[in-house]
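Report on the structure given below.
The values are calculated or read from the model by the stated rules, or taken from the named source; none is laboratory data. Quantities reported herein were computed from a predicted structural model and do not represent experimental measurements. Ideal geometry is used to build each Cβ from the backbone, glycine not excepted, and the neighbour counts take in all protein chains shown.
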Amino acid sequence: MARQLEHFSNLVAMFFARAAEKGDAPFLWAKKEGEWRSTSWREAAEAVASLAAALKAIGLKPGDGVMLVSENRPEWCIADLAIMAAGCVTVPTYTTNTERDHQHILDDSGARAVIVSTAKLARPLLPAVLRSSVCEHVIGIEPLAIGQSGTAHFHDWKKLIEAHAPDVAACAADATFGRDDLACLIYTSGTGGAPRGVMLHHGAILHNVEGCADLISEDFGWGDEIFLSFLPASHAYEHSGGQMFPIGLGAQIYYSEGLEKLASNIEEVRPTIMVVVPRLFEVLRQRILKAIEKQGRVANLLLDRALDIGAKSYSGPVPLLERPMDFVLERTLRPKIRKRFGGRIKAMVSGGAPLNPEVGIFFHSLGLTLLQGYGQTEAAPVISCNRPKTGLKMDTVGPPLKNTEVRIGDDGEILVRGELVMKGYWRNPALTERTVVDGWLHTGDVGHIDEKGRIVITDRKKDLIINDKGDNVAPQKVEGMLTLQPEIVQAMVYGDRRPYIVGLIVPDCDWTAEWCVANGKRVDFAELGRDPEYLRALSAAVDRVNADLSVIEKVRRFILADEPFTVENKQLTPSIKIRRHVLKEIYNERLEALYKR
C-alpha cells in the first residue's frame, strides 16, 4: 500500500519526528576497525541537540553560516542537522577543495564557523580561516594539530557535545522556522568560473523528499530501506537524495569506505536504494562484460540473449516468444548479477549527468532497475525521475516530481516552477533575476516532453556545438557513445564554428595493458601515443561510434589526453562532469591543429 510522507515545517522537525518513532533502531553506520558499527536514531538525536546547544553557546545566531568540510560519515549528517537546529545555515564544501576554493567560499558566504573532520582536510582550510575576517570558530571532529590559532577559536567536537546535556524535546521545540527559511548554501561546482552559492530553503529540500518518497511508495513500496552513501554529501544530489530523503523514509544510511571498496561494501550492506552517477554504471558495465567474457561461450550466449530481450522489454512486458528464455535467465545469469549488488536492490537512481540509454538498458536486461533522474542544484536538486508505472524509457528522465511544474520555452529551454526552486544566488541578484523569471527556473537545458509526460533532454544550451554551417551537435551524446567503447574511458568532442567534430580521448588503462601484452608492447603512454598500431586500434573504436552517428556528428580526428580527467587536476567537477573550459584551454592548440592536417 502506498504511504504518504507527512508535511513537515522544516528538515529538523522531520528528523526529530523520525527519531521519536525509531528510538534505539540503527540509523547511521560506519566501518571502524573492520566492523560496521551503528549510531541509533536516539543517539543521533541527542548528539544533534547537544551540538545545536553548543553552537548557540559559542555565540552563533540564527542565519549565521557554518561551513562543513568532511568526508561522508555519521558526523556529517549530525553536524548538518545540528547547524540547522541552531537556526544557522549549513555551507557544505567539497573535500577536494583547494585553499583558494575555501577562501572564496568563506569570503563569499561570510560563514562565522567551520566544522572540519580531520587534520588532513584542515590543512588547506586553516590558512583560509586565518585570513578570513569573519570566521571566528573552528570545530574539529577529530583532533586538529594547531600551531597557531590567530583570531579563530578552536573547539573539540567531542568535548563540545559532552559539555551540553542533550535536551531533545527542547531542541525540537525550538525548531520553529518555516519551509521558506534558508536551510543551506550550496556552492555549485560549475563547469566554468568561480562557484556560486545557491540558496536552498527547507521547503525546497522537503519538496524533493516528498516527491521522491511518493515515487518509491507508489512504484516500489516503502519498507525498511537501506541506503549506501558514497557520493559527496556536500553535493546537492547526495545531500537531498542520500541524506535527507533517507531521513524522511526513516531509513538506515551506511557510509561507504570509498570508491575502491564500493563493490565489497555493496555486497556487505545489501542496500535497497542507491543514489549514483552515470560514470559508476559505465565502469561497472565494463567490469561485468569482462567478467562474463572470461566465463566461456555459454555465459556469453546468455548475456547476448539477456541484452536482446532487455532491449525489447524495457518499456513494456517481455514478448511472448521470449518468455521461455527469460525464465532461464531469471534462474541462471540474473541472480548472479543481483548478488553482486547485494540481492535486494529496489532501484538505483542515476543523476548528476546524462546517462547513456544503452547503459540503462544493459542493467535492466540483467535484472536491475535503473532509474535516470534529472535536476540541478538550483532545484534542490531533483526535478524528475523515471518511474516504472509510466514506462522506463531510457532516453527520457521521466515525469516531473509531485507538485512540480515543467514547461518548454519558446527556444526549447526546460523551465521549472514549484517550491523546489531556489531562493536565488547568494549576493548575486542580477544573475538570480536572469535565472528565475516570474517564478520559472530557466535550467539552461534544451528538450521536450513526450506523449507520456516524460522529459527528454537533448543538451545544454551553452554546451551545444554549432559548426561552421550552422548545424547543432549535442556533445554529450557523442561523448557518451565514445566512453561506452572498451578502449575509451573519457572523451571530449570539439568543433564550435569549425567544419567538423574532432575529439580528445583518454584510453582505458585496463584495455591498454591487455593490448600491450597481446602486441608485445611496453605500457608507456608517451611511446604509445606515437605508436601507429595503438592509434589504429583506438581509431577502430571511434569508427564504431561514427557508424551510428549522423554526418555532422562524426568524429573525424582525435588526439590523446596527457592524463585522465580528474577532480584533482580540475578537469572534472566534483560531480564528475568534464570542465570544458579547462580542457579547451589545455588542448586548444592541439585540437585546432587537427583542422590543419
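In this entry, residue 234 is excluded by the filter for residues that are under 14 Å from the mean Cα position of the chain (by Cα) and within 24 Å of residue 22 (Cβ to Cβ).
Right, residue 526: of a type in the set (Gly, Ala, Ser), part of a helix (DSSP H, G or I) and closer than 20 Å to residue 282 by Cβ or not? Spelling it out, it is not the case that residue 526 is of a type in the set (Gly, Ala, Ser), part of a helix (DSSP H, G or I) and closer than 20 Å to residue 282 by Cβ. Any residue at all in segment 529-547 that is closer than 30 Å to residue 386 by Cα and charged (D, E, K, R)? Yes, segment 529-547 contains a residue that is closer than 30 Å to residue 386 by Cα and charged (D, E, K, R).
The C-beta contact set for segment 128-148 (first residue outside the structural domain of residue 73 (by TED's automatic domain parsing), second residue polar (S, T, N, Q), distance under 6 angstrom, 6+ apart or interchain) is empty. For the residues 167, 156, the requirement of being surrounded by fewer than 17 Cβ atoms within 10 Å (Cβ to Cβ), in contact with a Pro (Cβ under 9 Å, 6 or more places away or on another chain) and assigned by TED's automatic domain parsing to the domain that holds residue 52 singles out 156.
Being surrounded by 14 or more Cβ atoms within 10 Å (Cβ to Cβ) and among the acidic types (Asp, Glu) is true of residue 508. In segment 244-263, the residues that are free of Cβ contacts under 8 Å to residues at least 24 places away in the same chain reach residues that are of a type in the set (Lys, Arg) with C-beta atoms within less than 9 angstrom, at least six apart or across chains, in these pairs: 261/31. When each of 439, 424, 391, 418 is tested for being outside the structural domain of residue 184 (by TED's automatic domain parsing) and without any contact (Cβ under 8 Å) to a residue 60 or more places away in the chain, the lone residue that passes is 439. Among the residues of segment 250-271, just one is touching a Pro at 6+ places or on another chain (Cβ under 7 Å) and of a type in the set (A, V, I, L, M, F, W, C), namely 253. Residues in segment 490-507: is at least one of a type in the set (Lys, Arg), over 16 Å from residue 562 (Cβ atoms) and either within 31 Å of the chain's Cα centre (by Cα) or modelled with pLDDT of 95 or more (or both)? No, because not a single residue in segment 490-507 is of a type in the set (Lys, Arg), over 16 Å from residue 562 (Cβ atoms) and either within 31 Å of the chain's Cα centre (by Cα) or modelled with pLDDT of 95 or more (or both). Candidates 6, 35: the one that is without any contact (Cβ under 8 Å) to a residue 40 or more places away in the chain and not assigned by TED's automatic domain parsing to the domain that holds residue 188 is 6. Taken over segment 293-306, the criterion of being assigned to a helix (DSSP H, G or I) and without any contact (Cβ under 8 Å) to a residue 12 or more places away in the chain is satisfied by 293, 297, 298, 300, 301, 304.
Scanning segment 475-484 finds no residues that are in a loop (DSSP other than H, G, I, E, B), within 24 Å of the chain's Cα centre (by Cα), closer than 30 Å to residue 406 by Cα and small (Gly, Ala, Ser). All but one of (1) in contact (Cβ under 8 Å) with a residue 24 or more places away in the chain; (2) in a helix (DSSP H, G or I) hold for residue 178; which doesn't? Unmet condition: (2).
Let's see how each residue does on (1) charged (D, E, K, R); (2) assigned to a helix (DSSP H, G or I); (3) in contact (Cβ under 8 Å) with a residue 24 or more places away in the chain; (4) over 25 Å from residue 194 (Cβ atoms):
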| residue | (1), (2), (3), (4) |
| --- | --- |
| 521 | yes, no, no, yes |
| 543 | yes, yes, no, yes |
| 548 | yes, no, yes, yes |
| 553 | yes, no, yes, yes |
| 559 | no, no, yes, yes |
| 564 | no, no, yes, no |
| 567 | no, no, yes, no |
| 574 | no, no, yes, no |
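Selection of segment 250-268 for residues being assigned to a helix (DSSP H, G or I) and surrounded by 24 or more Cβ atoms within 10 Å (Cβ to Cβ) yields an empty set.
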